[in-house]
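First comes the structure, then the notes that go with it.
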Amino acid sequence: MGLLHKNSPGKVNLLLNILGKRPDGFHELETILQPVNVFDKLRFERGGKGIQLTCNEPALPVDSNNLVYRAADAFLKTQHLDAGIRIHLEKRIPLAAGLGGGSGNAATTLLGLNEIFGSPLTGPALSTLAAALGSDVPFFLQHQPALGTGRGEKIQPLNNFPALQGKSFLLIHPGFGIATPWAYQNLARFPEALNGRPGRAQRLLAALQAGDWRAASGEFYNSLEAPALEKYPVLALYQEFFRAHGALAALMSGSGSTTFAIVESVPAGEALVEKFKTKFGANAWMAVVPV
Ligand code: C5P
């Protein structure tokens, strides 16, 4: 097989509960990850020499600073392959958004190359490679909601949540990004958020699995909002606005800057976007997608 196209989805964190800083500098956490129907596109083609990466987004490097390049390099090295590969990345998911775009691109590259080269790597080997590329990368090797533990790289796939059946996500990226290391470093100033108690994930999971919105609505939580909403208070205003206008939940995803709301339907989400634009302007990146 010479040419392969793959969609690279995004995610939101329905919960991100940080449980303290570890000796290795990473943070222990429990998180509930949910795929969302926004996609970057990747095209893989055998040929040429080495790794040739192109991208429609000029702000992204196309050398070894790009996670797609690093994923391809790691894959080819494990296989001792000196085959050439051309990869084109079409970015549609905003950068530094908390939507896992780059992590998803890395995982999709591992899956794509494994497919092109005859599936030499099994699931566990792919997971090991993925975890070395970034904490969020292993989640994107599969396409289900999942519970993430450790530094986020230990993934337990879950069935779709009954509570989210038929619902939609409204996503708002405010036009500025938040760097993940910044968010984690600044968590140090918020000891309660830094040292969360375990158990929140199980509570939210139980409510989502039971389809119990009364129980679920108080359980959406993201420790990284402490530094992010202090620096960017507009993100708190977005959430208040969505909750006041009928959203079932509103939260920052990952290390931000995207705010997501859970709404009853795509039309309800689109109506809410129109209200949002009237209040906050139309400059943000916005998407409404079915769960
Ligand atoms: O794993 P990843 O490369 O995506 O992490 C980016 C940065 O985010 C890390 O260098 C670290 O500063 C922070 N991080 C963390 N604890 C985690 C995940 C990420 O401190 N569990």
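The values are calculated or read from the model by the stated rules, or taken from the named source; none is laboratory data. A quick note: this is a predicted structure, and the numbers were derived from the prediction, not measured. Virtual Cβ from ideal backbone geometry, glycine too; neighbours counted across all protein chains shown.
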L99 passes all but one of the listed conditions (1) within 16 Å of the ligand (Cβ to nearest atom); (2) part of a strand (DSSP E or B); the exception is number (2)
In the range 153-176, what residues are closer than 30 Å to K21 by Cα, of a type outside the set (A, V, I, L, M) and in contact with a strand residue (DSSP E or B) (Cβ under 6 Å, 6 or more places away or on another chain)?
Q156, P157, H173
Going by what's in this entry, would I51 be described as within 16 Å of the ligand (Cβ to nearest atom), at pLDDT 95 or above, in contact with a Phe, Trp or Tyr (Cβ under 9 Å, 6 or more places away or on another chain) and within 22 Å of A132 (Cα to Cα)?
no
Considering only strands (runs of 3 or more DSSP E) fully contained in the range 108-225, which possess at least 1 residues that are more than 30 Å from G246 (Cα to Cα) and either among the hydroxyl-bearing types (S, T, Y) or more than 13 Å from the ligand (Cβ to nearest atom) (or both)?
146-149, 154-157
Answer yes if at least one residue in the range 207-222 is closer than 23 Å to P290 by Cβ and out of contact with any helix residue (DSSP H, G or I) (no Cβ under 9 Å at 6 or more places or on another chain), and no otherwise.
no
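Residues checked against (1) closer than 16 Å to S103 by Cα; (2) within 16 Å of the chain's Cα centre (by Cα):
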position	(1), (2)
T149	no, yes
K154	yes, yes
P157	no, yes
K167	no, no
L170	no, yes
Q185	no, no
E192	no, no
P198	no, no
Could you list, in sequence order, the residues of the range 81-107 that are small (G, A, S) and modelled with pLDDT of 95 or more?
A97, G98, G100, G101, G102, S103, G104, A106, A107
